[in-house]
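Structure first, then comments.
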Amino acid sequence: MKVTVCELPDNWTQDDTFWNALIHHLASAKSDLLVLPEMPFYSWITRSENIDFAVWDKSVSAHDVWIERLEELPVPMVALSRPVTLDECRLNQGIIWTRKDGVLPCHEKYYLPDEPGYFEAAWYHRGNGRFQAARVDGMTIGFMICTDLWFTDRAREYKTQQVDILICPRATPASTHDIWVPGGRAAAIVAGAFCLSSNFNGPNVPGEDFGGTGWIIEPERGAVQGLTDPQQWILTRDIDLSQARAAKQTYPRYVKE
């Protein structure tokens, strides 16, 4: 199958320039799956530790509107995260949208940073703590939303669920650029799954930009099959899911707990 990752500026939804470029690329590449960054359809809201509930509601509404527009993209499946309010809890929820079935909620971000630019623990609640894989169109998919990636015991949980693909939507800074690809490689190796990630690029808070660098990483040795950059901000590669299924039987995945 063909998978697509990207990096996008925080304000990319202000007009349809990037949206139209996505449409053109996906049509040309004939991609099967697009991964978008973390909460991609509204300006990044956790820059300040002062919660503005009106801003939260605007972000939720903007995501609802743009998710309705996903049918404009010539791709059968899109993975992303979105802000939602459920049972009076504000959550960062990983979803898969398919042209056939619409929105499938898959995961609630559990590990939340709390620092300038990323006051997520203030803005929304921890998820339910379940890292439960989803079965979609014959594939098994798990989410590790941004900081979730660093808890590799969760990748091991996904290995036991026989995941084919790990989805990692991100909003990560340029100052930690050098640690994120190794983190994605580690998760891919531990889970024995392809790891796919998209991120924001460009300005975030004063003196701190988003780090870009979407990736496609294979499951056996964590080899990087492709990275985005500001010049090549959208990237498509062929992956073979049988590699993920075979990787479950090799070291270190076969070692018993």
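The values are calculated or read from the model by the stated rules, or taken from the named source; none is laboratory data. All values derive from a computational prediction rather than experimental measurement. Glycine gets a Cβ as well: all are built from the backbone with ideal geometry, and neighbour counts include every protein chain shown. The accessibility values were calculated without ligands, DNA or RNA, using every heavy atom of the protein model including side chains. Shrake-Rupley method; radii C 1.70, N 1.55, O 1.52, S 1.80 Å.
Listing for the model above:
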{"item": "Enumeration of residues in segment 109-120 that are more than 30 Å from S242 (Cα to Cα) and open to solvent by less than 50 Å² (accessible area, probe 1.4 Å)", "result": "Y111, L112, P113, G117, Y118, F119, E120"}
{"item": "Any hit, segment 227-249, residues being open to solvent by 10 Å² or more (accessible area, probe 1.4 Å), out of contact with any helix residue (DSSP H, G or I) (no Cβ under 8 Å at 6 or more places or on another chain), among the charged types (D, E, K, R) and over 27 Å from Q161 (Cβ atoms)", "result": "yes"}
{"item": "Some residue of segment 163-174 being modelled with pLDDT of 95 or more, open to solvent by 10 Å² or more (accessible area, probe 1.4 Å) and within 22 Å of D32 (Cβ to Cβ)", "result": "no"}
{"item": "Test: residue in segment 114-137 that is among the hydroxyl-bearing types (S, T, Y), under 21 Å from E7 (Cα atoms) and outside any strand (DSSP E or B)", "result": "no"}
{"item": "All positions within segment 1-48 that are free of Cβ contacts under 8 Å to residues at least 60 places away in the same chain, in contact with a Lys or Arg (Cβ under 8 Å, 6 or more places away or on another chain) and farther than 15 Å from W66 by Cα", "result": "K30, D32"}
{"item": "Some residue of segment 159-173 being of a type in the set (K, R) and closer than 30 Å to G202 by Cβ", "result": "yes"}
{"item": "Any chance Q132 is of a type in the set (S, T, N, Q) and surrounded by fewer than 15 Cβ atoms within 10 Å (Cβ to Cβ)", "result": "yes"}
{"item": "Conditions (1) farther than 14 Å from A193 by Cβ; (2) open to solvent by less than 20 Å² (accessible area, probe 1.4 Å); (3) at pLDDT 95 or above; (4) more than 15 Å from the chain's Cα centre (by Cα): number failed by T140", "result": "(1)"}
{"item": "Residue list for segment 231-245, filter: farther than 13 Å from F194 by Cβ and touching a residue at least 24 places away in the same chain (Cβ under 8 Å)", "result": "W233, I234, L235, T236"}
{"item": "Selected residue (criterion: surrounded by the most Cβ atoms within 10 Å (Cβ to Cβ)) from residues of segment 190-209 that are assigned to a strand (DSSP E or B), of a type in the set (A, V, I, L, M, F, W, C) and touching an Asp or Glu at 6+ places or on another chain (Cβ under 7 Å)", "result": "F200"}
{"item": "Near pairs, Cβ below 6 angstrom, 6+ apart or cross-chain, from segment 199-223 (at negative phi) to any residue that is open to solvent by 40 Å² or more (accessible area, probe 1.4 Å) and of a type in the set (G, A, S)", "result": "D209/A174; G211/A174"}
{"item": "Selected residue (only one of E7, E38 is of a type outside the set (V, I, T) and either in contact with a His (Cβ under 9 Å, 6 or more places away or on another chain) or assigned to a strand (DSSP E or B) (or both))", "result": "E7"}
{"item": "So T98, is it out of contact with any Ser or Thr (no Cβ under 8 Å at 6 or more places or on another chain), touching a residue at least 12 places away in the same chain (Cβ under 8 Å), open to solvent by 20 Å² or more (accessible area, probe 1.4 Å) and of a type in the set (V, I, T)", "result": "no"}
{"item": "Lone unmet requirement of (1) farther than 22 Å from F194 by Cβ; (2) charged (D, E, K, R); (3) at pLDDT 95 or above for D10", "result": "(3)"}
{"item": "The listed residue being assigned to a loop (DSSP other than H, G, I, E, B), at negative phi and more than 17 Å from the chain's Cα centre (by Cα), out of R90, R69, R47", "result": "R47"}
{"item": "Checklist (1) open to solvent by 10 Å² or more (accessible area, probe 1.4 Å); (2) outside any strand (DSSP E or B) applied to L149, failing item", "result": "(1)"}
